[in-house]
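Here the structure comes first, spelled out in structure tokens, and everything after it is commentary.
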Amino acid sequence: MKDIRFAKFLVLVNGGVPLALLAWDASQHQLGANPVNFAILTTGMLTLVFLMLTLCVTPIRKITGWNWLIFSRRTFGLYAFFYGCLHFLIFFGLSLDRPFSVPNALSEMFKRKYLFVGITALLLMVPLAVTSTNAMIKRLGGPRWRALHRLVYLVAILGVIHYYMQVKIDVRMPLAFAAVLTILLGYRLISFRRRPPLAQATAAKPKILSGA
Ligand code: HEM
């Protein structure tokens, strides 16, 4: 891939398209009978989709040898965090009886267990977002940065559980996400096991983490 800057631009712009569409539809009162719920569901889905895209980058790179794809991993991850924050803010600010009320939000979380799982996933994404810059990668050092960023596996698992728990009848979609996630994590497990012991021990060595 010669023009990485153009590819970066494409990923950046396309990641923002769902937000622009959502904002446009909201401004036109086109979000249906329950616009707040529609916005929560849409941003929740986007969070999960971007998490999955983040996890797709490494297997695709390794299978195809398209190492240039690494540039997109951070952007996908940051979009996942961004949509996750938006998802939470819409819930916190627009869906509760008393908007922006911490006690109200906490009592909801204890009542509805899937919210508890969701907030845990979102909080776990904070250190990942904060340490996503090149400066932070240098500061932490490769091994520690890579160890910390394995948290994304847990975040994705919690995201799928959160989705599964809140679905009332048709669980096919959350199960489809669970299947994709199993493949993505299974691939990592298998390729780790296939490495010779020395390579496993040094797996935490610094690598080029993004095309930035
Ligand atoms: C990584 C974090 C999270 C992910 C991946 C995620 C993902 C999702 C998904 C996929 C849905 C269902 C979308 C659909 O049915 O189309 C959803 C629904 C929902 N999520 Fe999250 N979520 C996360 C965090 C949170 C947090 C922090 C909260 C609030 C504390 C939250 C509150 C909700 C609510 C209220 C719904 C709608 C439930 C309903 O209307 O039945 N989520 N989320």
query: Out of the range 46-63, which residues are open to solvent by 60 Å² or more (accessible area, probe 1.4 Å) and either farther than 15 Å from Val11 by Cβ or within 16 Å of the ligand (Cβ to nearest atom) (or both)?
result: Leu53, Lys62, Ile63
message: Quick check on the range 136-151. Is at least one of its residues open to solvent by less than 30 Å² (accessible area, probe 1.4 Å), within 16 Å of the ligand (Cβ to nearest atom) and in contact (Cβ under 8 Å) with a residue 12 or more places away in the chain?
response: no
message: Can you tell me which residue is nearest to Tyr79 (Cα to Cα) among those in the range 19-38 that are surrounded by 14 or more Cβ atoms within 10 Å (Cβ to Cβ) and without any contact (Cβ under 8 Å) to a residue 40 or more places away in the chain?
response: Leu22
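Residue-by-condition table, conditions (1) over 23 Å from Ala176 (Cβ atoms); (2) aliphatic (A, V, I, L, M):
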position	(1), (2)
Lys8	yes, no
Leu22	no, yes
Ala26	yes, yes
Pro35	yes, no
Thr42	no, no
Met45	no, yes
Leu48	no, yes
Leu51	no, yes
task: Among the residues of the range 88-116, write down those that are more than 8 Å from the ligand (Cβ to nearest atom) and in contact with a Leu (Cβ under 7 Å, 6 or more places away or on another chain).
output: Asn104
task: Could you give me the residue pairs with C-beta distances under 8 Å whose first residue belongs to the range 89-106 and is touching a residue at least 40 places away in the same chain (Cβ under 8 Å) and under 20 Å from Ala33 (Cα atoms), whose second residue is surrounded by fewer than 11 Cβ atoms within 10 Å (Cβ to Cβ) and of a type outside the set (Ser, Thr, Tyr) wherever it lies, and which are 6+ apart or on separate chains?
output: none
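The values are calculated or read from the model by the stated rules, or taken from the named source; none is laboratory data. In this text the structure is predicted, and so the values were computed from the model without any measurement. Please note: Cβ atoms are built from the backbone with ideal geometry, for glycine as well, and neighbour counts cover all protein chains shown. To get the accessible areas, we keep the full protein, side chains included, count just its heavy atoms, and leave off ligands, DNA and RNA. Shrake-Rupley method; radii C 1.70, N 1.55, O 1.52, S 1.80 Å.
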